[in-house]
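Single-structure report; data block below.
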Amino acid sequence: MKLKRIIRQKMLMVALAAIATSCTNSYPGLYYDKSNGNSEQQYATAINVSLSPQNIFSLVATRGTGSFETSSFAKKCINGVFYIYAFRSGKDLQGQFTSDADLTQTMGTDSAHANCLVDDNNAYHGKPAKMVADSTGALYFVNDAHTNKQSLYYSSNYSQIPYDFFGYYIDDFTPTASNYHRTNNEIYYDLTVDGAQDVLVGYAPKLTTNIFNARYGNLDLSEDTKNQIINIGGYSTYAGKYDVQPVIDVKHALTKIKFAAIAADSTADDVLIRDLSLTGKNSGKLVVAARDLNNIGFIPDGKTSTLYLREASLDGSTPGTLISKEGGYQVLWNDSLKNIPLASRPSTPIGESIMLASDSTYTMALDYDMISRTKQADGTIKEKVEQKVHTTYNIKAPTDNAVSYDSASGTYIFKPGYEYTIKIAVYGLQQVKISVSSEAWESGGSINIDVGNEAKKHNI
């Protein structure tokens, strides 16, 4: 058992290959075997699930608190809860399972696991799981209260049935009977986000030859064993005995927009940014499990809403406050900046981020104060708000094939899973300029905006 743990840890650190979505329609060597008895017996094979290691520092904690950072990773792991489903993969046209799995079946109604291997009985979500704070992406199952670890096991009846594994994270979104839907084909939510929530969803790719070699090629297995696992085509009791366990590739379902301010000239000191929002799509259908793996993800319904920028969470558990309640943002001019090109100057981050559905265009609203300063007789400086400005900007996706081109629609969009930074160049009494840059998540680009006292719309 110790050897297996060592092998598994090494396996998780293997570089991951591109996802292959091919599947098999048959189960070579499928048989019905009652010899192992129930899942609690000596020879039961435990289910171990992980998230792909390269994604773990892009994940989030509970209650709309933003992205995982290295410094707060352990705290985020304590608070963050993922949910797991697993259902039989495909069908055997010449065998016992001539129809696809019924996703309405649960662990309670399907004790032999002919359809459902992992879910959570009597709940509107999959089986809760939490992440081990060791940067490997390993998960462990917990009860509904998230207080006790629990063990789940592969089918002791069908040792070579392949299963598809699904994992998702819905932040502080609360599943209910009205927003949760479970059909024989898929499981999904009616989802509305407020801009501070990061939603992730994904699945473990089919066990093709490429996936096996990339993720499990370092395991000391015979060719016959390896071929048998690949022929089964999914994660199974047989594969689990050899430490071939599902690694779920979770992806961000939303687009992340960050904001930063740059001092453009000496008049930048006269501008105090008070509030910032984006209007865009924020509701739709979140598919978390499906027979067709291509359907996994978020499908916007076209409705739009105004989402306000918040500060980052202070404790990793409660949402951050709106930036308007924190006194505003001001960038100060320094003469040393004169010789630095605007695009290369240091910027001041504003708030945490706004996460919303992918689209080609968002409307940004910016509120700022123009202030004046008067030196008093006692030498103190008195500030006075001379003008309050509200202005809007039409923010279009960058025309960059690498980070924003959508081949399905043939247009440029703010892509899901990508982060775009809107940089606000502050000029005081001059016009406002906006640019878009990229960093973090998948690189998305930047949008530049100039901010002055002109309360008018800018088309970028």
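Readers should treat all values here as calculations from the given coordinates under stated rules, not as data from a laboratory. Every value quoted in this text rests on a predicted model; they were computed, and no experiment measured them. Note: ideal-geometry Cβ built from the backbone for every residue, glycine included; neighbour counts use all protein chains shown.
In table form, for the structure just shown:
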quantity	calculated
Entries of 256/396; 149/206; 338/384; 130/206; 338/382 with Cα pairs more than 18 Å apart	149/206; 338/384; 130/206; 338/382
Dipole of segment 153-304 [Lys/Arg +1, Asp/Glu -1 at C-beta], most positive-end residue of 203, 268, 162	162
Between segment 149-183 and segment 372-398, the alpha-carbon center distance in angstrom	52 Å
Per DSSP, loop trypsin sites (Lys or Arg not before Pro) in segment 202-251 with at most 16 further Cβ within 10 Å	241
Placed amide H near residue 90: partners under 5 Å, 5+ positions off or other chain	101
Sequence-distant residues sharing a close amide H with residue 155 (under 5 Å, placed H)	237
Sequence of 186, 223 once ranked by neighbouring C-beta atoms within 10 Å, starting from the fewest	223, 186
Likely footprinting exposure, 158, 163, fewest C-beta neighbours within 10 Å first	158, 163
Under 5 Å, built H, 5+ apart or other chain: amide partners of residue 49	139
Phi-based couplings in Hz for segment 140-152 (Karplus 6.51, -1.76, 1.60; Gly and Pro marked x)	9, 6, 9, 6, 4, 7, 6, 9, 10, 6, 9, 10, 10
In segment 302-359, trypsin sites (Lys or Arg not before Pro) in a DSSP loop with at most 15 other beta-carbon atoms within 10 Å	303
Packing-based exposure ordering (other Cβ within 10 Å, fewest first) of 337, 278	337, 278
